[in-house]
Structure formats: structure tokens, C-alpha cells
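Working notes for the structure below.
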Amino acid sequence: MAVGMSAAALVGVLAAPAQARTTPLPGPSALPGPSALPGPSAALASGSPSGLAWSLKATATDSRFRGLAAVDRSTAWVSGSQGKVLRTVDGGRSWADVSPPGAAGLELRDIEAFDARRAVALSIGEGQDSRVWWTEDGGASWTETFRNPDPRAFYDCLTFFDPAHGLAVSDPVDGKFRILSTADGGRSWRVLANTGMPDALPGEAGFAASGQCLVSSGPADVWLATGGGANARVLHSADRGLTWRAADSTVPAGDPAKGVFGLAFRDRGHGLAVGGDYRTGQASPRAGALSADAGRTWRPAGAPPPAYRSGVAWVPYTASVALAVGPTGTDVTLDAGRSWRPLATGSFDTVDCTADLACWAAGEKGRVARLEPGDGGE
């Protein structure tokens, strides 16, 4: 059994000093001390965690879930193959199949949720296979709010700045990435002008592997991860997608299967990138990178994840702790991405952590899990 760790335990032992925290706690409350949080704090402090693991939550499906929207410890949404969307409101003890009508056979690779009732889901593919659905009743009903009319476009990922404003990204059309924008929570969409988008590299594209090729932080900053070209790049916009600036990452590319697959920013300055070569058995050196200047420059992790990783998430209320997942396991960084070490061997494609200190992961064969203390799991 490989060992994982709970987000609450991580925070209790490894949280930065109060003045260094970058995510404010909701309301006037203060972060509880280690003694008030679950998990074997002494083991974590010694760097030898034990007794904590990913706790698998039975979903009764074999869909591959690359889309994950964790709302809190009780509520999470997942989306994936076979047009499937599931939702739990009891911490994963039970799941409701709330798949959009007409989505069967499509790949729902990304989902963004604001609470237990409101969510936006994206299916990927060429032309009309790229669609967006919106619900405000917990998935009891869905409205298709966008169907891609351009056979040259292929949408990969969604992100939202707030419950009203969001973006979706398509692989390059006419030599530039295409950005779709909403200002009403996903009820309607418009394609933004591409005049502020730099030219794409030959062969460059996004990866619809974890719902994390397009991520945002704060009211206006957004980042786009790429691969497939000569360099794996990260593009940054500080004005909700109107203008962009491209920077080379240190993750290897130069092949359609290589590049940056997932991004996470804990504030507008500090970001993590993970990726590699998604082909089974292929080496993925330099699979992690970090930035401290809003993605203008990137440097490689000194001890990167040991293999391809598709998803990454910061643990809230810390300046240094994050998780990365992929088909061969989960890794943790305790120093803001400078070094990574293995935590678990189970396969996951995407990971998300919430403000109430819950971390969820999802992946192949219907696998969904939450980090919990205990001897079970993986």
C-alpha cells in the first residue's frame, strides 16, 4: 500500500507563517494549529508520513474522469468519457449520474463548479464535438450554451475567474490559439479577437488531459499550457484573455506527445507546471517547473516528479505544499515545486484541493478519491 497524506494534516504541519500565507481564510477565522487538525502530525513533521492515503470512492462506472471540480469536503463534480458527469454531496459515499442529455459518446474533459448546483462542462473534439453545457440545478437539467461551428477548432480546457467570467481555449486556428469568453457564468459565449495572441509554434497545441491546460488566479490573470511544438510554453494574460505573453518552460517538448499538461497558480505570481511524455513507458525528465514572476520565466525543479504528470494543485493556506498526479502515481512538494517526492502509486489524471482543506483526485476506470487519514486506500 502506497502512502498518501491528508490536506489538513499537510497544512497543520507545513503551513507557512501567517504573514506568508497567500490564500486568506474565509471570514474572520484563523487557521487552526496542528493539534486541532487531523492526521499524524509528528510523522509528517519528521518527513515520514504514514497512515494516510487516497480513499477511493466507488462511482459504479468505468468512465475515465479527466474533469474534476472539487467544491468542498462534501461536494465534488467529475466529468469524462462516455459523456459522463457525476456529482456527490456527501463526500463521495454516493454519486448521482447527472450527465447532460445528448453528451453520450463525447469526451467531457473539463468541468468547473461554483457550488452544489451550478457547473459548466466542456466536451472536446474537432468541430461540433467541442461543446459547453451549463446547469444551475445540480445537473437535473443542462443547457447547451455553445457548439463549436468551426471544423478547424478543437477546445481543450475551461477556467473561471469568478462565477460570471470565464474562458475556454481551442488549439490554434489561423496560427493562433483561440479564446472563448463568457461574462454570464457560461450561459453565453463569444470568440475573442486574436490580435493580442502571439503566433503559435509549428505543431503547438494544448493538452486536454486534466482540465488544467488553462488556469486562472484572481480577477484577471490566466495562463495557458502548451506542448507539441519545439518548446513547451506557458502563455499569460493579465486582462482576461485579451492580450497574451508567451514564455518558454523548461519541460521538454519537440514531439506531439510532450509538453506542459497541467498548471496551478496559488496567486498571480507563483506557479507550477507539470507534464512530460504521456506515452506509456516513455521517460519524462524535467517533468516539473516553477515560476515566481507570474509565468514570465520558468526554472526546472531540482528534483522533478519521476514520471509524466498531468495534474497539479496547491494545498490551500500554504506557500509551499502542492500535489501532482499522473498514471503512475502521486507526488508532493514541500518547497513550492523545487523538489518532489512520491506519495502513492495509484493512477489519477487530475487533482483539486478546496478551501476547507479537502483534496480530491480522479482518473481512469471510474477512479475518484479523497485524501483521508486511515490505513485503507492507496
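Bear in mind that the values in this text are calculations on the coordinates, not laboratory data. Everything numeric here is computed off the predicted structure, so don't read it as measured data. Glycine also receives a Cβ, built like all others from the backbone with ideal geometry; neighbour counts cover every protein chain displayed.
Using the 10 angstrom Cβ neighbour count as an exposure proxy, how do Thr328, Thr88 rank, fewest first?
By the 10 Å Cβ count, ascending, the order reads Thr328, Thr88.
Extending 7 Å from Cα along the Cβ direction at Arg296 and again at Ala104 yields two label points whose distance is 5.3 nm. Note on region 303-378: percent of Cα-Cα distances in each 5 Å bin, starting at 0 and stopping at the bin with the largest distance, equals 3, 17, 27, 27, 18, 6, 1. By the helix-only formula, in which each DSSP H run with n ≥ 4 contributes -39500 (n - 2.57) and the sum is divided by residues, the chain has a 222 nm mean residue ellipticity of -1000 deg cm²/dmol. Each principal axis of the Cα cloud of region 73-165 was evaluated for its coordinate range; sorted largest first, these ranges are 41, 28, 19 Å.
Each part reduced to its alpha carbon centroid, region 83-160 and region 188-267 end up 21 Å apart.
What's the ranking of 193-200, 364-371 by average number of surrounding C-beta atoms within 10 Å, highest first?
Working: 193-200: 15.0, 364-371: 21.8.
For the peptides 193-200, 364-371, the packing ranking is 364-371, 193-200.
Working from Cα pairs under 8 Å separated by at least six residues, relative contact order for region 187-344 is 16 percent.
Compute and list, largest first, the equivalent-ellipsoid semi-axes of region 47-106 from the alpha carbon gyration tensor, each √(5λ) rounded to a whole angstrom. It would help to have the intermediate numbers written out before the result.
Details: eigenvalues 129, 32, 20 Å².
Semi-axis lengths for region 47-106 are 25, 13, 10 Å.
Shape of region 224-378 from its Cα gyration tensor (a ≥ b ≥ c, root eigenvalues): rounded if a/c is under 1.5, otherwise prolate when a/b > b/c, or oblate? Since a/c reaches 1.5 but b/c is at least a/b, the shape of region 224-378 is classed as oblate.
Rg and Dmax, both from the Cα atoms of the chain and both in Å, are 19.0, 57.
Among Arg152, Arg266, Arg286, the largest mean-square fluctuation in a Gaussian network model of the chain, built with springs joining Cα atoms closer than 10 Å, belongs to Arg152. Springs join every pair of Cα atoms under 10 Å in this Gaussian network model of the chain, and among Val173, Val71, Val132 the largest mean-square fluctuation is at Val173.
Mind checking the dipole of the chain: about its Cα centre, +1 per Lys or Arg Cβ, -1 per Asp or Glu Cβ, Debye to the nearest 20?
On the way: 34 positive and 37 negative charges, 77 e Å.
Roughly 380 debye for the chain.
Ordering Gln128, Ile179, Ala358 by Cα displacement along the dipole of the chain toward the positive end leaves Ala358 in first place; charges were set at the Cβ atoms of Lys, Arg (+1) and Asp, Glu (-1).
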